[in-house]
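Any read-out appearing in this document is the output of simple, stated calculations on the displayed coordinates, not a laboratory observation. Everything numeric in this text was worked out from a predicted model, so none of it was measured. Every residue, glycine as well, gets a Cβ built from its backbone with ideal geometry; the counts of neighbours run over all protein chains shown.
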Amino acid sequence: MTYCVGLYLREGLVMLSDTRTNAGVDNISIFSKMNVAEVPGERVMAVLSAGNLGISQAVWNRLGEGVRLDGELHTLRSVPTMFRAAQLVGAAVREVYHTDGPTMQQQGVGFDVSLLVGGQIQGQEHRLFLVYAAGNFVEATVDTPFLQIGEHKYGKPILDRVVNFETSLVDGVKLVLISMDSTLRSNLTVGMPVDLLVYRRDSLGVTLRKRLTEDEPYFRHVREGWSTSLRDAYRALPTPDWVPA
């Protein structure tokens, strides 16, 4: 299992993914689940993946070689719009299913994959999509400014309470790290290190891409500070007057 989250903000995008793959208690490895296609000054796209590692790697490789969309061969570096980019990723997922799905089904393995696709093409707005295993997708909006894939339930409450379209990129970084920390504490199938990408709207180049390890001082500060703040917050709440002394 994994956890990936993307924030769609007025200032740009914040995307974060863990790196743990789990094929059994004695077969745990580290693989990046973040891939980036960039043409500086013209476009930036990031793809985060959750689910079966073999499927997600096959999808990314097909995207690199080219996938047919309406009879034309495209990659993420050639599609004309972000909407078409989401369609292209969906088409790649369906191609992998057509090739590998029946055999996986015979082996009793489910076709499990989901992907976050975010970025911007010159002259257009930045956008963020979630592509499902069927190849269809949904888009983040001003009203729903974040999307998650993988083991998302532990990291969702803080985002539900705080994130909105006007959240700054800096605050967005804090919030995705808190969301990830909540997931790390509650689910052993999600693990460090984590990969962070920040994209500032209209920059048409990756603003920040960083891998954070257990030794990252700022992440340690976030984890410890958030735990302390939660303890202080619940202690500061008044005692119900209907609870016996």
- Query: Helix 217-236: angle to the longest alpha-carbon principal axis of the chain, degrees 0 to 90, nearest 10?
  - Reply: 50 degrees
- Phi to ³J(HN,Hα) by Karplus 6.51 cos²θ - 1.76 cosθ + 1.60 over the stretch 192-208, Hz, x for Gly, Pro: 6, x, 10, 10, 10, 10, 10, 10, 8, 3, 6, 6, 6, x, 4, 6, 8
- Task: Using the number of other C-beta atoms within 10 angstrom as an exposure proxy, rank GLU11, GLU216, GLU139, GLU65 with the fewest first.
- Result: GLU65, GLU139, GLU216, GLU11
- So which residue, out of ASP100, ASP215, ASP112, gets the largest mean-square fluctuation from a GNM of the chain using Cα contacts under 10 Å as springs? ASP215
- Task: Would you mind telling me which residue in LEU230, LEU197, LEU159 has the biggest mean-square fluctuation in a Gaussian network model of the chain, where springs connect alpha carbons within a distance under 10 angstrom?
- Result: LEU230
- With label points built 7 Å along Cα→Cβ from the Cα atoms of ALA233 and TYR218, find their separation and express it in nm. 2.2 nm
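If you average the sequence gap of Cα pairs under 8 Å that are 6 or more apart and divide by the length of the stretch 154-237, what percent do you get for the contact order?
Here the relative contact order equals 23 percent.
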- For the stretch 3-234, whose charge dipole is built from +1 on Lys and Arg Cβ atoms and -1 on Asp and Glu Cβ atoms, the candidate among THR189, THR207, LEU88 with its Cα farthest towards the positive end is THR207
- Name the residues whose placed amide hydrogens come within less than 5 Å of the amide hydrogen of TYR8, ignoring near sequence neighbours (fewer than 5 apart) on the same chain. PHE146, LEU147
- Task: For the chain, with a Gaussian network of springs between Cα atoms less than 10 Å apart, report the residue from MET34, MET82, MET104 with the top mean-square fluctuation.
- Result: MET104
- Item | Centroid-to-centroid separation of the stretch 124-143 and the stretch 1-75 [C-alpha atoms, Å] | 14 Å
- Could you give the size of the charge dipole of the chain about its Cα centre, using +1 on the Cβ of each K and R and -1 on the Cβ of each D and E, expressed in debye and rounded to the nearest 20? 140 debye
